[in-house]
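Before any comments, here is the structure.
The values are calculated or read from the model by the stated rules, or taken from the named source; none is laboratory data. Model, not experiment: these values are computed from the prediction. Please note: Cβ atoms are built from the backbone with ideal geometry, for glycine as well, and neighbour counts cover all protein chains shown. These area figures cover heavy atoms from the full protein model, side chains too; ligands, DNA and RNA do not enter into them. Shrake-Rupley method; radii C 1.70, N 1.55, O 1.52, S 1.80 Å.
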Amino acid sequence: MNALYPLLLSFTIIFLAELGDKTQIMVLSFSAKSRMKHILLGISLGTFLSHGCAILFGSQLGSIHNEYVSYYLNVFTYISFILFGIFGFLSMKRPPSDNKESHKTGLISKLCTLKMNYVFIIAFCIFIGELGDKTFLSSIGLGIQYPDYKVSLIIGSILGMVCSNLLAIIFGKLLSMKFQQNMIEIISNILFIVFGIIGLIFHI
């Protein structure tokens, strides 16, 4: 298999999963306090650490040379994509939690007062924010599917995160509008479900 395909697949999935995600809110909060190149560098470093770990973990599972284990891991991966999409729709109906938002804002404000390079602060926020997130779990699934293309998957995930958050910085006001954000989430959730169904069709 050409290494370009896993790279493009990783880029597409991470890019779509990140659109309208909570990580973009953090990125937007930093955009007024730091230069764009520092923000993008911090995103790249944080993604390399978080998604790199996820892909390496998934690759270890995917490298298990057992026909039945590999089959069920692939099925689990595609089902998880479908569930990501469904849960994405369900979460859109839930009212936002003011406590969580205020806690998140307070945490970011405290981090911004630290006497550290903003690149490392942003990288740390991305690393912590991505752990257990939809994009993080997607990277595990990609690692399971393509265990021999770790570098391509990591590069694709970094590019996906950078491009998605770059859009958030450039079009921050548009992305922050409720209508626009809902549309982005709807498209992202639909594509996740489509990816999952196509994968199941070809692997079952």
Cα→Cβ-extended label distance, 7 Å offset, between residue 76 and residue 128, nm:
2.9 nm
Keeping all protein chains in position, work out how much accessible area residue 15 exposes to a 1.4 Å probe, and write it in Å² to the nearest 10.
40 Å²
³J(HN,Hα) computed for each position of the range 140-153 - Karplus, 6.51 cos²θ - 1.76 cosθ + 1.60, integer Hz, glycine/proline x:
4, x, 5, x, 5, 6, 10, x, 8, 10, 4, 4, 4, 5
